[in-house]
Amino acid sequence: MIPVRGYAAQDARSPLTPFQFERREPGPLDVQLEVLYCGVCHTDLHMAHNDWGVSPYPLVPGHEIVGRVVRVGRDVTKLKVGDLAGVGTMVDSCRTCADCTDGLEVYCKVSGVLTYGGREKDGKTVTQGGYSDTLVVDEHFALKVPANLDPAAVAPLLCAGITTYSPLRHWKIGPGHRVQVRRDLQ
């Protein structure tokens, strides 16, 4: 196991405090990252405060992660030691259901694994997020970050950025198209 330092909510009313825990050793398809940057998403606040009633404590939030690869499994092909990599809201899935084979792992109903507050594939270990110094993730859920980009600026793109970009790409929005941005008030 890998010793990790992070910041965790111990319950729904507590501020984040230093927290030590362990991560699994990288498997054949895993990469280990030294976390350099982690964005702050409103979801992190909702989960820390248990606003949705599903938060397992202690909870280390953070799913807008950029880190440096410090270790790779023997079968990793996308990344190498020294690369910058980004990780978003998921760290694993079944990869065999219809959603996964269509590239829609976020909809995996079999064994989608959230970056934090979920369960590893062992069904027992609670996932902990990027408000920590180390992350282990399957290479399929890590994106290579070009060295010419500012890693601090890339981190928020892994949630808020992709949330706005994804529908534009899905609907093939480009030059000559017009989009409307609405803000619905509740």
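Testing Thr96 on (1) exposed (fewer than 12 other Cβ atoms within 10 Å of the Cβ); (2) under 18 Å from the mean Cα position of the chain (by Cα), one condition comes back false. Which one is that? All conditions pass for Thr96, except number (2). Of all residues in region 1-58, those being open to solvent by 70 Å² or more (accessible area, probe 1.4 Å), touching a Gly at 6+ places or on another chain (Cβ under 9 Å) and among the aromatic types (Phe, Trp, Tyr) number 2.
Residues being among the aliphatic types (A, V, I, L, M), farther than 18 Å from Gly117 by Cα, in contact (Cβ under 8 Å) with a residue 60 or more places away in the chain and in contact with a helix residue (DSSP H, G or I) (Cβ under 9 Å, 6 or more places away or on another chain) are entirely absent from region 43-65. Cβ-Cβ distances below 8 Å connect the following pairs, each with a first residue in region 75-90 that is without any contact (Cβ under 8 Å) to a residue 60 or more places away in the chain, a second residue that is outside any strand (DSSP E or B), and a separation of six or more residues or different chains: Asp75/Pro28; Asp75/Leu29; Met90/Glu105; Met90/Val106; Met90/Gly112; Met90/Thr115; Met90/Phe141.
Can you say whether Val81 is touching a Lys or Arg at 6+ places or on another chain (Cβ under 9 Å), of a type in the set (A, V, I, L, M, F, W, C), surrounded by 18 or more Cβ atoms within 10 Å (Cβ to Cβ) and over 30 Å from Arg13 (Cβ atoms), as far as the supplied structure shows? So Val81 fails the test. Of all residues assigned to region 157-165, none qualifies as being loosely packed, with under 11 Cβ neighbours inside 10 Å, within 17 Å of Val66 (Cβ to Cβ) and either at pLDDT 80 or above or under 17 Å from the mean Cα position of the chain (by Cα) (or both). When Val106, Val181 are checked against the criterion of being within 13 Å of the chain's Cα centre (by Cα) and surrounded by fewer than 19 Cβ atoms within 10 Å (Cβ to Cβ), Val106 stands alone in meeting it. Only residues that are under 28 Å from Gly27 (Cα atoms) and charged (D, E, K, R): list them for region 138-186, please. Of everything in region 138-186, those that are under 28 Å from Gly27 (Cα atoms) and charged (D, E, K, R) turn out to be Asp138, Glu139, Lys144. Residue count for region 110-140, restricted to those that are within 21 Å of Cys100 (Cα to Cα) and surrounded by 13 or more Cβ atoms within 10 Å (Cβ to Cβ): 17.
Restrict the check to region 141-150 and report whether at least one residue is more than 24 Å from Tyr37 (Cβ to Cβ) and open to solvent by 40 Å² or more (accessible area, probe 1.4 Å). Scanning region 141-150 turns up no residue that is more than 24 Å from Tyr37 (Cβ to Cβ) and open to solvent by 40 Å² or more (accessible area, probe 1.4 Å).
The values are calculated or read from the model by the stated rules, or taken from the named source; none is laboratory data. Bear in mind that the values here come from a model prediction, so they are computed numbers and not experimental data. Here Cβ is always computed from backbone atoms with ideal geometry, including for glycine, and neighbour counts include all displayed protein chains. Please note that ligands, DNA and RNA were not included when accessible areas were found on the heavy atoms of the full protein model with its side chains. Shrake-Rupley method; radii C 1.70, N 1.55, O 1.52, S 1.80 Å.
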